[in-house]
């Protein structure tokens, strides 16, 4: 599947970078391709995947599947344990 980022997601990467928080497109792709947690129910039809970012945070990525395209809507770091129990 092809993965594309919305204008909002691209701009958010830049806003984080300006605030010295580095989240790259590669980080986002890793969360989508190898998630620790997948939530398909709380924001249907959107899918929220999560993966450990560091010892305190997970990175959550919100996207929609549109045919053979994954469209990344947004992403955000969250405190571990806030949304699910992680390892």
* **Residues of segment 41-66 classified as modelled with pLDDT under 95 and not in a strand (DSSP E or B), total** => 9
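Please work out which residue is farthest from residue 34 (Cα to Cα), limiting yourself to segment 44-63 and to residues that are touching a helix residue (DSSP H, G or I) at 6+ places or on another chain (Cβ under 6 Å) and surrounded by fewer than 22 Cβ atoms within 10 Å (Cβ to Cβ).
We begin by selecting, within segment 44-63, every residue touching a helix residue (DSSP H, G or I) at 6+ places or on another chain (Cβ under 6 Å); these are 49, 51, 59, 61.
Subsequent filtering for residues that are surrounded by fewer than 22 Cβ atoms within 10 Å (Cβ to Cβ) retains 51, 59.
Numbers: 51: 8, 59: 12 Å.
Result: 59.
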* Structure fact -> Being touching a residue at least 60 places away in the same chain (Cβ under 8 Å) and in contact with a strand residue (DSSP E or B) (Cβ under 9 Å, 6 or more places away or on another chain) narrows 32, 69, 23, 47 down to just 69
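Please go through segment 64-76 and give me each residue that is within 15 Å of residue 21 (Cβ to Cβ) and buried (at least 17 other Cβ atoms within 10 Å of the Cβ), ordered by number.
From segment 64-76, those within 15 Å of residue 21 (Cβ to Cβ) are 74-76; that's our starting set.
Residue satisfying the conditions is 75 alone.
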* Is it the case that residue 12 is surrounded by 11 or more Cβ atoms within 10 Å (Cβ to Cβ) and either without any contact (Cβ under 8 Å) to a residue 40 or more places away in the chain or not in a helix (DSSP H, G or I) (or both)? -> no
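The values are calculated or read from the model by the stated rules, or taken from the named source; none is laboratory data. For clarity, every value in this text was computed on a predicted model and none was experimentally measured. Every residue, glycine among them, receives a Cβ derived from its backbone with ideal geometry; neighbour counts consider all protein chains shown.
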